[in-house]
Amino acid sequence: MASQEADPTELPAACAGEAPGSLGEAAAEDSSAYRPIGRSQNHPEVLRALGAVQILNGAVILALGGCMHALQNLSQASNYFFLLIVSTGYPIWGAIFFIVSGIVSTLAGKKPTKTLLETSMGLHTSSAVMALVGIVFLSMNLFANDPLLKSCQSSRPPDLCIYMEASSNGLVSLMLVLTLLEMCIACSVVALWLKANCWHLRKAISSLSNPGESRMPPNESKKIRS
């Protein structure tokens, strides 16, 4: 029995021998700012990639909105088909919001601090709502084009009205696809953040439930149990 019991002097010595490695790493984990998204899981790389796609996506939507505004000023016939989108201003405020979300997501991927991650989650949640509103506006514009074509042909040259309707359908459909992509990206980032946060919370709860064993080397915990 004496050989199986741990010598009281062995435990401090063993802990002292393990201090530079295990205890140093534990202290580094505790002193870290806020890391619900770990680098080992490649989440920062995913955030940077999605942020770059968001920036490009927002820039294209902004360019499409500029084309719609130019066509509206070019001919009065285009007022029938672009009035809803241009009057709501979705290509401007939606695109700017998506670009800002992408920039913050890229910064959070490079430096995953608590402030940047929480800001990124808030912006992406708002981006998902903005994208949903944009989908509603764009869908309404597409469904209204056929009745507007008949109204346009009654007062404008039919060929010009058909050309403007085709241009409107193409631009609005492309913007709708990009808006759907933006909503998918925003929801994916929020889901990624929540998943990583839940993992971080479970890890913290497990370390609090076993505080002695989490700080002690495995061989010493086995000696105490024996």
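In this entry, VAL190 is excluded by the filter for residues that are of a type in the set (Val, Ile, Thr), in a helix (DSSP H, G or I) and within 16 Å of ASN57 (Cα to Cα). Considering LEU148, LEU132, LEU171, the condition of being touching a helix residue (DSSP H, G or I) at 6+ places or on another chain (Cβ under 9 Å) and modelled with pLDDT of 90 or more is satisfied by LEU132 alone. When the residues of segment 111-122 are filtered to those that are touching a residue at least 12 places away in the same chain (Cβ under 8 Å) and part of a loop (DSSP other than H, G, I, E, B), which remaining residue is farthest from ARG48 (Cα to Cα)? Across segment 111-122, the extreme among qualifying residues is THR113. Yes or no: ALA108 closer than 19 Å to SER173 by Cα and part of a helix (DSSP H, G or I)? It is false that ALA108 is closer than 19 Å to SER173 by Cα and part of a helix (DSSP H, G or I).
The values are calculated or read from the model by the stated rules, or taken from the named source; none is laboratory data. If you're wondering where the values come from, they're calculated on a predicted model, not measured in any experiment. In this analysis, Cβ positions are derived from the backbone assuming ideal geometry, glycine residues included, and neighbour counts consider all displayed protein chains.
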